[in-house]
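Participant: There's a structure below that I have some questions on.
The values are calculated or read from the model by the stated rules, or taken from the named source; none is laboratory data. Given the structure is predicted, the values throughout are model-derived calculations rather than measurements. Every residue, glycine as well, gets a Cβ built from its backbone with ideal geometry; the counts of neighbours run over all protein chains shown. Each accessible area value is taken on the protein alone, full model and side chains, heavy atoms only, with ligands, DNA and RNA left out. Shrake-Rupley method; radii C 1.70, N 1.55, O 1.52, S 1.80 Å.
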Amino acid sequence: MLTKAPRGTRDILPAEAERWSFVEKQAAEVCRLFGYAEIRTPVFEHTELFLRGVGEVTDIVAKEMYTFKDRGGRSVTLRPEGTAPVVRAFLEHGLAAEAQPLKVYYTGPMFRYDRPQAGRYRQFHQFGVEVFGANDPTVDAEVMVLALTFFRRLGLSRFSLHINSVGCPACREATRFKLRTYLAASLAQFCPDCVGRYDKNPLRIMDCKVEKCRELTDGAPVMLDNLCSPCAEHFREVREALAVLGEQYVVDSRLVRGLDYYTRTAFEIVSPALGPQSLCGGGRYDHLLKTIGGPDLPGIGFAVGMERTLLAMEAAGTNPSAAGRLEVFVATAGSVPGWEALKTVTELRLCGMAADKDYLGRGLRAQLKSADRKGAKLLVILGDEELARGQAVVRDMHSGTQETVSRLDLPVRLACLLRED
RNA sequence: GUGGGUGUAGCUCAGGUGGUUAGAGCACCAGAUUGUGGCUCUGGGGGCCGUGGGUUCAAGUCCCAUCAUCCACCCCA
């Protein structure tokens, strides 16, 4: 136990961390292009924030939160999602007073006490964006395109965008009533989960994966067909905007997202590599700010699963690992003391070159092997004879050619050789 | 939370119906090459056989539990 990471958590070792940095960098760059500024919030919040924000009947709140009392007796919760904390920060700092709309993004760990499996962890990471203060359908389209652009920059192409509208509180309540009436007669034939959903959230019955339930709901009233006219118009304009941008999408009238706060637009990006797990999920939440005690401002956002994104990249064979970051390896030969190499690598490092050396007192042969494995482009050998003449040997690790250079000229010569590469 | 599969070296895996000091490949270290990497050859270090209990003269092997992991659900990123 002592040497094992807790269930559902994992270490990201150096080789993999490189891929993470790449993905995070792409996220930051896409956000810059789209005009989204970074925001960082704490990893834990007052428990009430999630109870109110995410919704008490959601699975996340009902059974997946890491909640505990701190030493002062306050109930705090490791954030299970990113939207509620960002909304909280927005309200706390009065950002509503600034230029509208506010567009922000975040990356970081989230926590849910779930049963782990491939692509699902108890500590997982999300990249997400939020826009506050804009109702316009072009914003809905923009955030979707932002997500799609992000995935494309990572070299992914086999994914698809699914969209739906879950309406506003008014038309949703009307549809709930219709749906309950429709289902009442056949309720006994549904799976136990769906029977439970009948009271809590009948719309989610439409999203059940059980074949029998799907058949039973085939002719059921669907949210999409029962939108009030403002919601229907909004959805039409979202689709129009996507069409204008040339984005393919699938309207999935059964798509219902699990968080209570969604209104109108709901969307998911799925990849065949991940099966039923989605790569990205998001939607509009026009009343969340008010629910949390703020002004009645609309909002929209999405969250991308970083682990799932990495899995999809692996499946697609897109491996951006830039191995061989090391530029110069400095070796010593004969009786040359280790501090000569230390002096040289330090000098090279201060000149802006990635330089490294041996630390185990190994022989020249082993040092070359080490340099090779680290991917060094150039090798400097400090030997007795050369040092006596104030020189050093420079070897090109790729071609194997060598030259003797004055130690004083070493940084300049190495820099030149690296530039030619 | 439900159902199922799997846990042997850092990694991928062998170890018929229980039977001596548990193996291979890759990786790592060293030597062959006393100052030159990749290829080759030789040698070496590494294992509470996931953990705990049980059956037995004897358990990596059989039984139970537990933990971990994977898959399918639930749900979600």
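Participant: Being near RNA strand B (Cβ under 6 Å from one of its atoms) and without any contact (Cβ under 8 Å) to a residue 24 or more places away in the chain is the filter; apply it to the stretch A:353-384 and report the residue that is nearest to A:ALA333 (Cα to Cα).
Facilitator: So, considering only residues that are near RNA strand B (Cβ under 6 Å from one of its atoms) and without any contact (Cβ under 8 Å) to a residue 24 or more places away in the chain, the one nearest to A:ALA333 (Cα to Cα) is A:GLY363.
Yes or no, residue by residue, for (1) more than 16 Å from A:ALA141 (Cα to Cα); (2) at pLDDT 95 or above:
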site	(1), (2)
A:ARG158	yes, no
A:LEU161	no, yes
A:LEU179	yes, no
A:TYR198	yes, no
A:MET206	yes, no
A:CYS231	no, yes
A:THR263	no, no
A:VAL270	yes, no
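Participant: Tally the residues that are in contact (Cβ under 8 Å) with a residue 24 or more places away in the chain, outside any helix (DSSP H, G or I) and within 8 Å of RNA strand B (Cβ to nearest atom), restricting the search to the stretch A:190-221.
Facilitator: Looking only at that region, the number is 1.
Participant: Also, I was wondering about something else. On the basis of being within 24 Å of A:SER278 (Cα to Cα), touching a residue at least 24 places away in the same chain (Cβ under 8 Å), more than 16 Å from RNA strand B (Cβ to nearest atom) and surrounded by fewer than 20 Cβ atoms within 10 Å (Cβ to Cβ), does A:ARG239 make the cut?
Facilitator: The answer is yes for A:ARG239.
Participant: State the number of residues belonging to the stretch A:126-148 that are surrounded by 21 or more Cβ atoms within 10 Å (Cβ to Cβ) and either without any contact (Cβ under 8 Å) to a residue 60 or more places away in the chain or not in a helix (DSSP H, G or I) (or both).
Facilitator: So the count comes out to 7.
Participant: Go through (1) surrounded by 14 or more Cβ atoms within 10 Å (Cβ to Cβ); (2) outside any helix (DSSP H, G or I) and name the single condition A:LEU224 misses.
Facilitator: Checking A:LEU224 against (1) surrounded by 14 or more Cβ atoms within 10 Å (Cβ to Cβ); (2) outside any helix (DSSP H, G or I), the one that fails is (2).
Participant: Sticking with this one: Tell me yes or no: at least one residue of the stretch A:96-108 is among the polar types (S, T, N, Q) and within 8 Å of RNA strand B (Cβ to nearest atom).
Facilitator: no
Participant: Which is crowded, with 18+ Cβ neighbours inside 10 Å, out of contact with any Pro (no Cβ under 8 Å at 6 or more places or on another chain) and farther than 16 Å from A:LEU348 by Cβ, of A:GLU386, A:GLU403?
Facilitator: Every option except A:GLU386 fails the conditions.
Participant: I'd like the full set of residues that are more than 9 Å from RNA strand B (Cβ to nearest atom), among the hydrophobic types (A, V, I, L, M, F, W, C) and either open to solvent by less than 30 Å² (accessible area, probe 1.4 Å) or within 10 Å of A:VAL166 (Cα to Cα) (or both), limited to the stretch A:250-261.
Facilitator: A:LEU255
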